[in-house]
């Protein structure tokens, strides 16, 4: 299928690249289908692009890159609802906000998005723990990841 | 939507449907401790966290990342 996007232009995708978020995301309840995109230009961020609205794409990050000691203790029901049978099938993402001042970039560690890589389902899980911030600063971690050569383009160290 | 208002004392409960029991456990000034007995599949969330997550998601969608300049902007700011 051909997908038109505002940020990434036209993409050729297969139906099996799409994740069905049947409840939508809070604030975006009407949109139920997303693809996970990566572009070297914004590494180490990824993008959850809506397949239904070309203008809707959320930058996301591996929460363990944002905060190495992150330990979300996801409820068992989150895995069972999405049909995740094995931990290897789980993809965890934190929603990123990039304001005008890029140094104030944050990630939502309180409400990670859990995807089932095998079943192509997903949802945003709001954690019970008060330990995690909705606006955890990540500029340092992103800059370090770039400087450390943690780059899909290969090693430059 | 109309809200049903009930008055409860400490240790009194409210049943919601057949499977959910909400009990007032403790009152301390303007803080109320509430116990909820429900099946694990029932999702219980603090409403303000859902509201804040909604705000963050919408801010995320309007992120001002310039794709071409993202890495350079980070390296420049890092100095």
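Observations
- Choice from A:61, A:84, A:98 showing the highest fluctuation, given a GNM over chain A with Cα pairs closer than 10 Å: A:98
- Using C-alpha pairs below 8 Å separated by at least 6 residues, the relative contact order for chain B is 15 percent.
- Spatial offset of segment A:82-97 relative to segment B:54-78 amounts to 23 Å, using the alpha carbon center of each.
- R0 of 30 Å, Cβ-Cβ distance residue B:25-residue B:55: FRET efficiency to nearest 0.05: 0.50
- Extent of the protein assembly as shown along its three principal axes (Cα atoms, max minus min coordinate, largest first): 65, 42, 36 Å.
- Spin-label zone in segment B:55-79 - amide nitrogen under 15 Å from a point set 7 Å from the Cα of residue A:103 along the C-beta vector: B:73-79
- Segment A:1-138: C-alpha gyration tensor shape, a/c 1.5 cut-off, then a/b vs b/c: oblate
- Rg over Rh [alpha-carbon atoms, Kirkwood Rh] for segment A:1-77: 1.00
- Note on segment A:57-157: Cα-only Rg and Dmax are 14.5, 43 Å.
- Stokes-Einstein D in µm²/s, Kirkwood radius over Cα pairs - segment B:28-79 at 20 °C with 1.002 mPa s viscosity: 138 µm²/s
- With the simple spin-label model, which puts each label point 7 Å out from Cα in the Cβ direction, the residue A:6 to residue B:38 separation comes to 3.4 nm.
Here, each number is a calculation from the coordinates, and none is a lab measurement. Since the structure is predicted, the reported quantities are computational estimates derived from the model, not experimental observations. When we count neighbours, we look across all protein chains shown, and the Cβ atoms used for this are built from the backbone with ideal geometry, even at glycine.
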